[in-house]
Amino acid sequence: MEEKKKISYEPNDGALRSAGNGGTGSFSCAHVTVGVDVGSTTAKIVAVRDGKIVFERYERHLSAVRQKTAELLREALSELGDVTVRAAVSGSAGLGVADAAGIPFIQEVAATTELVRAYHPDTEAVIELGGEDAKIVFFGGSVDERMNGTCAGGTGAFIDQMATLLDVTVGELDALSLDSGKIYPIASRCGVFAKTDIQPLLNQGARKEDVAASIYQAVVNQTIAGLAQGRRIRGKVLFFGGPLFFCEGLRKRFRETLGLSEDDAVCPPYARHSVSLGASLFARDNGLETTLSDLCERIENCIVKSSGEATLPPLFESEEDYKEFAERHARATVETEDPDSYSGRAYLGIDCGSTTTKLVLLTESGKILYSYYSSNRGNPVEVIKDQLGRIYSLAGDSIEIAGSAVTGYGEDLIKNAFGVDIGVVETAAHYTAAKRFMPDVDFILDIGGQDIKCFRIRNGAIDSIMLNEACSSGCGSFIETFARSMGYTAEEFAKAGLFARAPVNLGSRCTVFMNSSVKQAQKDGAGADDISAGLSISVVKNALYKVIRATGPDDLGEHVVVQGGTLLNDAVLRALERELGRHVVRPAVAGLMGAYGAALKAMNHKGPSGLIPWEALENFTHKSTSTICRGCTNNCHLTVNTFSGGGRFISGNRCERGLGRDPGDAGLHNLYNFKRKYLTSLPSKPGTRGTVGIPLSLGMYELLPLWHGIFSSLGYEVSVSGMSTRATYEKGQFTIPSDTACYPAKIMHGHVEELVERGVDLIFYPCITYNVDEKVTENHFNCPVVAYYSELLAGNLEDTGKSRFFFPYLNINKKAQLEKELFACLGGKDAGFTRSAVRRAVRAGFSAQEKYYAAVRREGEAALAYARENNTRIMILAGRPYHVDEEICHGIDRLALSLGFVVVSEDSVAHLAEQPSVRVLNQWTYHGRLYRAARYAAEHGDTELVQLVSFGCGVDAITTDEVRRILEDGGKYCTQIKIDEITNLGAVKIRLRSLLAAIEEKEAARG
Amino acid sequence: MKAKKEYIRYTEDMKKDYTVFIPNMLPIHFKLIARVMNNYGVRAQVLTTSGPKIGETGLKYVHNDTCYPAILVIGQFIDALESGKYDPHKVALMLFQTGGGCRASNYISLLRKALERAGYGYVPVISFSLAGIERHPGFKLSLAMLHRMLYAVTYGDLLMSLVNQTKPYENEKGTAERKAEEWTLRLTDEMANNRIKYRKVKENYREIVRDFATIPKTKAEKVKVGVVGEIFVKYSPLGNNDLEAFLVSEGAEVVVPGLLDFCMYCVYNGIVDHEFYGRGPFRWRLNRLAYKFLLKKQRDVIEIIKENGAFRPYTPFDRTVSLSEGYISHGVKMGEGWLLTAEMIELYESGATNVVCTQPFGCLPNHICGKGMMKPIKKKNGSINIIAIDYDTGASVVNQQNRIKLMLAAAKREADGTEDAAQVEAEPKKIPQ
C-alpha cells in the first residue's frame, strides 16, 4: 500500500493573519467574536477583534469533530488569553456540537450571506465549494440560495479522490491543470461517473495536465448544472471555500466557463474562512457570550446526541470467530514455485484494470512463479514495462515465456504496446480462473476498485453477466479513498472494521450518497472502526441488491467464488458471507484472478510468443498525443499512442473510422443510421408563412414526419435542429432546472437555443399526453417528460428572441380532433387558415408518418433477411426512438456493428412479435414496443437484445425487470446499458464482447 | 392482443378473519378511512411502522430505481408480513391508485411482483380506485361507504388543518393532536351508527372548529412553511422523515393543502381529458357533476371556518385551479401535475411564503411541475422562498434538514428584514485583513 499522502488544504502561510496582536489583550475585552465552522472534512475557527482577524485555523478533523474543535479552541485560548467572547457555530457537522454545547447555530449558507452583505454588498453571486458541499448564493434582487442535494459530487472530496487517482497531491494537480492544452469531456453528474471517465483516459495515455484541467471543468459543470439550475451566473462573483482558495486552476476554469473578467472573479484572502467569519459576524449580535475557556469546556464536555440511527451487529463476535474465518479462507490457494529452481516454459497473464495492474507468471503445470499487484499510478504502460523487465531478469535463460495474454480495461493498449499474444475478455478470464478453485462454480462475484462484475454460470457457460451501472460503481476505491481521508491506509481501515462493536448503518445506495450518511454517523459520534465496518456492509449490500438484484442467497447459486481487490478486505468478505448466510470461496489470489485467468488462457497460445523481447524492452518508449477525429459529427477525442518500434494504438474512438476503417462500408445494416438519415433528410422547401423550427429530441424522433408534413403542407418552411452534439448540450445547460432529468430531455435546451439562433418564427414541440395508439397495449401514454417538457422549457428559457415557443396540447389519435385543435391554435380564420387546408395538411402529415413507419419496418425486415443470408448475428438495440441520436447513444450502434452485429431498432422489429404478457401495467407506447422486441429476440436464436436505458429514466425502472424476464424465459442473455451525458464506451465494449464470448461459449457447449 | 392479468381476490369469506393493511399516507385521514371500512366489516388497519428496515426491505424486492414511495410502501407491507406478528395467510393489502401516465400507476403490479418474490404470492392485494377496474367480492365500494369515506376526507382535512394551525402555538404540547384523536373516534362511531345527515355533518364541522378554538395558545408570530410535492412524500411522515414534526420543532407553522384538493384534481383531470383529447364524453359529464358536488362540500367547510374566525380557512379549489394559469397548462395531468404548481402559488398567496417542494429522487412529473416551475414562479412572486427536497433511501436526513434550515434562516431574515438592513447601513464596513 502506498504511503499516506499529505493533503494540502492547509493554511499555507501566515500572510492572511493580521500582523502582531498575539493576544495579550485585556481579559475583559468583549469585542472578540468567534466563529466556528465544522464542515464535513475540516474544522475552521476565526476570532475577530475590532474588525481584524486575530486568530484563524483551518484543519482536517478526520471525523474527530468535537475533539478537533476543542483542540483548535484551546490553541485560541493560549494565543488570545481567556478573553470574553461571543461565539456561534456553523457547518454541516457543527449542528450536533452546537446543540449539545448550547451554542447558537447558524446554517452555513446563511453565514456566508451575513458575510457578503456586510463586506461585499455589490456581489451578484457567491460560489462556495467545501469538502462535500457545493453552494451558490445569488444576490442581486432577491437572495436565492442553492445547495447541492443528494449528490455530493463535484466538491473538495471529489478533487481529493481524483488527485489520488492521478497519484499526485492536490497542489500538484492544480499545477498540472495550469499547463493543460485541451479539455476532455468528463461526466459532471457525480464523482463516480467522472471517475469512470477519467480512468480510461489515463489508461489510454492521455496527458495528466489535460486530465487535471478536465477534472476541474467537471467540477465547474457540476456546479453550473446542479446548482445554478437555469439562473445565469453573472457580474461580481466571489469564490469561497478551501478548494477554490487553494486551486488556482479551478478558479481559472470557472472564470473561463462563466466568461468572467479578472475583476469580477474575486477570491478574497479569507476565502477559506468565509463561513466561520460569517458565523463570527452572526455571533456579534446573536452569539453566546462567555469566556474562551468556558467555550472550550463546553465543547470538550458536551455529549453529542445520537440521532438514534440503528447500528448493525458486529462482523465478528470474538477473536475465535475471526480465526476460524481466516483459516477457512487460507485454504483456497494456488501452489507456487521458486523461479530460481524452475526451468521450462512459462505463461504470462496481465490484467490491466481500471485502477490496478496485475501480473501472474505460471509454470506449465499452473504453479505461480511470480505475481504482482499494484496501483497503475495513472500510467499502466510504465508499470508493465518495469514488470516485464523484472520478469525477464527472473526468467534468465532457464525460463521461456511461451505465451502471454492480457485482459481488462487496458487490454488493447497493452496488447499493442508489448506485442502480447492474446486479448481475453475480462469475463472469460475470470471464469477460467474461478474454475480452478471450484470446478462446479455457478456464481462469480468480483468487486474491484471501480466495478462490480457478476457472472452466473449454467451448464458450463456464462449464463448472465451483471455489471454495475455507472451510478453505483466505485466501490473498492471508495473505501480506500475514505480510509485515506480519515487518515488510515486501506488495510488499517479494514482491520479496524473487523472488530467494530457497532457498525453504522449506511444503507445501500450509490456510494457517493454514502458520504452524507457517513457525515451523519460522524455527527452521531461513530468511530472510524464502526464506519469502516458499516462501509463494508454497504458495499456488499450494494453489490447484492443494487447490481445483482438478489432476493436471497439462492439467487446466487450454491458455489460462489468471490474475487477482486475489494474482497481481499476481510471486513467486506465477512459482510458478504453474513448477508448471504453461507460460506464462499475466496482464492488467495483473489486480487489477481484476472491475470491468473489470462495466464491460464495464455497456455492455449501456439507457436512462439510475440511478446516484446528483453533487448527491445530496454529501448521501449511510449508517447501519447491527442487529437480530434473528424470522421463524423461525434468528434471523438482520440489519444494516439506511439511505441518504439513503430507500434501505434489509437483510443477514445467510438467506431473504427478514425483508424482508417469505415464500418459503414462493411455492408452491415444499421437501423439507427437508417433512421437518422431518414429523419434528417426530410425535404424542406421555402414557405410563405414563415419558418417553423422543430427541436429534434425526445418525442420528435417519433413524430417528426407527421409535424414536418403538416407544417410543410400549411406553407411553412420547416427547420429541424438536427443531430445533437456535446456542444448542443453545453449551449443549453444554463437553463436546465432539474439536473436529474434524463439526458435526452436536458439536451432539448440546446436544440431550442439552436433554433432561436436561427431566428425561426415558431419553435414547435407540442404536449402530447397520449402517444400513438398501436392497439396492443393497455394504454398508450408518453412518459411525463416526453409529454410535457415544453412546459418546463417555456418556463425556463431566458430569451427566445423573435421566435415564439409554440406548444399546443394535441391529440394525435383522432384526426378530426387534431384538425380542430390545430386550426384553433394556429389562429383559425383570422390567421388566414381554412379548415380544409388544415384537413389536407393533417392528411399529408399522417401519410408522411405512415411512410416513415413502413420504411423503418421494411428496412428492419431487410436487415433481418440480410443477416440470415449471411449468417450474421442480429442485435436489437432497444431503447426509445430518441436513443438513435448520435450524442445520446454515443455511437453504441457503430460499436455493435464493429463487433459484427447487424443492428436493428426496437420499432423496426416490434411488429414481428405478439405483445407478450407482462406483470406490470403496459401503458406506454414505446415500452410496448420494447416488450415485443424482447419477445422477438426470445423467439429467435440468432437475435440478441441490448437495452439502452437513459440514466434517470424512472419508467425504465419498471420495464427493465420485465424485459429481463421475457429474454431469460427465452434462454437469452439480458444486457442493459445505462447511458448518460458521458458514457464510457470502454465499459460498453467489455459488456458487448462478454456477451459475444458468452454466446460463443454457449454455442460451443451445445456443440 | 391485450394481456389479461390474474390476481388473487379478496373474498367475502376473508372478511371475517383477514386483516387488511393500509399504508400510512396521512395519519389522520387514513385512520378515519380505516375505521369507516371497519364499520363495513373490513378489518382495515393502518400500518404505522417506521425505521430503516422498511426501506431496506423495499430495496430488496423492488427495482432500486423505482420511486421511493413504492419502495417504502412495498417495504412496509413485506416487513409487516415478515415480522411474525401476523399470520400472512390472514392478511390482505390495500393500495390507493389513481392511474395515469406516471409510473406510480404501476405500484399494484410492482407490489404483486414483490410479494411473489418474497414468497407471499397468495396474499390478496386490493386496489382501491374509483375507476374500479378490479373486482374483489369482499370489498365492494357501495355508495353508502363512499359517502362516508368522502366525509372521512373532509373531516380529515379539517382536523389536519386545525392541528397544523394550533400545534406550534398551543400552551400545552399535544393538546391539538389529542383532540384530533378524540374527534376521529367520535366521528367514525357516529357514521357507523347513523345515516348520514348533511346537517349533522356541518354541525360537526362547527363543533370541531369551536373545540380547537378553545385550546389556549401563545400569541407568537411564527414563520409559515407550506409543503407541496409528490403525494406520498408530501404527506407521509414515513416518506418525508417526519418533515412536519421537524418544521414545528424549528419553530415554523406547517401549511399543507388538503387531500380533497387532490381528489378534486383527479376529477378535474377527467374533465380536461375530454376537453383536450376528446376522451370519454360520458365520464366527462359524470366528472363535471362530481366536481361541482365536491366544490360545494369544500365551500361549506370554508364558510364554517370563516364564520368562527379563529382559523385561516383554506383556499377554495376553483381558486387554486385558476392559480396555475400563466405557469402551466391543466393538460399536465401526470402525477401531481399542474396541481403542484398551483399549490405553490396558493400557499404563497395565503401567507405561507416559504415552500418545501418534496419529491422522490428522480420523480418524473416533478421535473416539470415542481422543479421546472420554480423559476417562473420566483420571477412573478419575488419574495417566495421555495426549496426542493429529494427523498430517497440513500438521502441523508442531515442534508435534508440542513437545506430546510437554510430556507428557514432566509425566512427569518425576510421576516425581520427591514431592521437588518438598517443595521448594515449603520455599521462601517471593515474588511478583515
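The values are calculated or read from the model by the stated rules, or taken from the named source; none is laboratory data. Just so it is clear, the structure is predicted and the values come from calculations on it, not from any experiment. Reconstructed Cβ throughout: ideal geometry from the backbone, glycine too, with neighbour counts over all protein chains shown.
Determine the pairs where a residue that is at the interface with chain A (Cβ under 8 Å from one of its Cβ atoms) and closer than 11 Å to A:ALA110 by Cα, located within region B:398-424, has a partner that is modelled with pLDDT under 75 and buried (at least 21 other Cβ atoms within 10 Å of the Cβ) with Cβ atoms under 7 Å apart, the partner being 6 or more residues away or on another chain.
Listed pairs, sorted by first residue: B:ARG403/A:MET147; B:LEU406/A:GLU145; B:LEU406/A:MET147; B:ALA410/A:GLU145.
Return a yes/no flag: does region A:66-86 have any residue that is part of a strand (DSSP E or B) and of a type outside the set (D, E, K, R).
Yes, region A:66-86 has at least one match.
Can you find, within region B:69-84, the residue that is farthest from the chain's Cα centre (by Cα) among those that are without any contact (Cβ under 8 Å) to a residue 40 or more places away in the chain and over 14 Å from B:THR48 (Cα atoms)?
The extreme case among them is B:GLY84.
Looking at (1) surrounded by fewer than 16 Cβ atoms within 10 Å (Cβ to Cβ); (2) within 30 Å of A:GLU939 (Cβ to Cβ); (3) of a type in the set (Gly, Ala, Ser), find the lone condition where A:ALA867 falls short.
Only one criterion in (1) surrounded by fewer than 16 Cβ atoms within 10 Å (Cβ to Cβ); (2) within 30 Å of A:GLU939 (Cβ to Cβ); (3) of a type in the set (Gly, Ala, Ser) is unmet by A:ALA867, namely (1).
Only one residue in A:ARG1006, A:ARG932, A:ARG919 is of a type in the set (D, E, K, R), more than 23 Å from B:GLY362 (Cβ to Cβ) and touching a residue at least 12 places away in the same chain (Cβ under 8 Å), so which one is that?
When all the criteria are applied, what remains is A:ARG932.
Going by the conditions given, is A:LYS435 out of contact with any Ser or Thr (no Cβ under 8 Å at 6 or more places or on another chain), outside any strand (DSSP E or B) and under 16 Å from A:HIS622 (Cα atoms)?
No, not satisfied.
Which one of A:ILE103, A:ILE127 is away from chain B (no Cβ under 13 Å), under 35 Å from the mean Cα position of the chain (by Cα) and not basic (Lys, Arg)?
A:ILE127
So that you can scan it fast, the table gives a plain yes or no per residue for (1) touching a residue at least 12 places away in the same chain (Cβ under 8 Å); (2) surrounded by 24 or more Cβ atoms within 10 Å (Cβ to Cβ):
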residue	(1), (2)
A:ARG331	no, no
A:GLU335	yes, no
A:THR357	yes, yes
A:GLY389	yes, no
A:GLY410	yes, yes
A:VAL420	yes, yes
A:PRO439	no, no
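I'd like the residue in region A:716-762 that is closer than 26 Å to B:LYS371 by Cβ and among the basic types (Lys, Arg) and, out of all such residues, is nearest to the other protein chains (Cβ to nearest Cβ).
The extreme case among them is A:LYS746.
Under 22 Å from B:ARG148 (Cα atoms) and either among the hydrophobic types (A, V, I, L, M, F, W, C) or part of a helix (DSSP H, G or I) (or both): which single residue out of B:PHE293, B:PHE246, B:PHE212 fits that description?
Just a single option satisfies the conditions, and that option is B:PHE293.
Right, B:ILE377: more than 25 Å from B:VAL248 (Cα to Cα), outside any strand (DSSP E or B), in contact (Cβ under 8 Å) with a residue 12 or more places away in the chain and more than 22 Å from the chain's Cα centre (by Cα) or not?
Spelling it out, B:ILE377 is indeed more than 25 Å from B:VAL248 (Cα to Cα), outside any strand (DSSP E or B), in contact (Cβ under 8 Å) with a residue 12 or more places away in the chain and more than 22 Å from the chain's Cα centre (by Cα).
Between B:GLU250, B:GLU230, which is in contact with a strand residue (DSSP E or B) (Cβ under 6 Å, 6 or more places away or on another chain), assigned by TED's automatic domain parsing to the domain that holds B:PRO313 and closer than 18 Å to B:ILE387 by Cα?
Of the residues listed, the single one that is in contact with a strand residue (DSSP E or B) (Cβ under 6 Å, 6 or more places away or on another chain), assigned by TED's automatic domain parsing to the domain that holds B:PRO313 and closer than 18 Å to B:ILE387 by Cα is B:GLU230.
How about region A:810-905: which helices (runs of 4 or more DSSP H) wholly inside it have at least 2 residues that are at pLDDT 95 or above and in contact with a Ser or Thr (Cβ under 7 Å, 6 or more places away or on another chain)?
By residue number, A:835-869.
Among the numbered conditions (1) facing chain A (nearest Cβ under 9 Å); (2) under 21 Å from the mean Cα position of the chain (by Cα); (3) in contact (Cβ under 8 Å) with a residue 40 or more places away in the chain, tell me where B:HIS367 comes up short.
(3)
Answer with yes or no whether A:ILE763 is under 24 Å from A:THR925 (Cα atoms) and modelled with pLDDT of 95 or more.
Judged against the criteria, A:ILE763 is not a match.
Against the conditions (1) at pLDDT 90 or above; (2) over 30 Å from A:VAL572 (Cα atoms); (3) out of contact with any strand residue (DSSP E or B) (no Cβ under 8 Å at 6 or more places or on another chain); (4) not in a loop (DSSP other than H, G, I, E, B), where does A:SER365 fall short? Just the number, please.
(4)
Give me the pairs: first residue in region A:110-121 and at the interface with another protein chain (Cβ under 9 Å from one of its Cβ atoms) and assigned to a helix (DSSP H, G or I), second residue surrounded by fewer than 21 Cβ atoms within 10 Å (Cβ to Cβ) and of a type in the set (A, V, I, L, M, F, W, C), beta-carbon distance under 7 Å, and six or more apart or on different chains, which are they?
Once the first residue is at the interface with another protein chain (Cβ under 9 Å from one of its Cβ atoms) and assigned to a helix (DSSP H, G or I) and sits in region A:110-121, its partners that are surrounded by fewer than 21 Cβ atoms within 10 Å (Cβ to Cβ) and of a type in the set (A, V, I, L, M, F, W, C) give A:THR113/A:VAL143; A:ARG117/B:VAL424; A:ALA118/B:VAL424; A:TYR119/B:ILE431.
Out of region A:763-784, which residues are under 18 Å from A:ILE694 (Cβ atoms) and either of a type in the set (Phe, Trp, Tyr) or at the interface with chain B (Cβ under 7 Å from one of its Cβ atoms) (or both)?
Those that are under 18 Å from A:ILE694 (Cβ atoms) and either of a type in the set (Phe, Trp, Tyr) or at the interface with chain B (Cβ under 7 Å from one of its Cβ atoms) (or both): A:PHE764, A:TYR765, A:CYS767, A:ASN782.
Looking at region A:557-581 only, could you name the residues that are modelled with pLDDT under 85 and in a loop (DSSP other than H, G, I, E, B)?
Answer for region A:557-581, where residues must be modelled with pLDDT under 85 and in a loop (DSSP other than H, G, I, E, B): A:GLY557, A:GLU558, A:GLY564, A:GLY581.
Please count how many residues of region B:36-85 are among the polar types (S, T, N, Q) and within 12 Å of chain A (Cβ to nearest Cβ).
Qualifying residue count for the region: 4.
At least 3 residues that are outside the structural domain of A:THR113 (by TED's automatic domain parsing), out of contact with any strand residue (DSSP E or B) (no Cβ under 6 Å at 6 or more places or on another chain) and among the charged types (D, E, K, R) in each: list the helices (runs of 4 or more DSSP H) lying fully within region A:205-307 that qualify.
The qualifying helices (runs of 4 or more DSSP H) are A:208-223, A:248-258.
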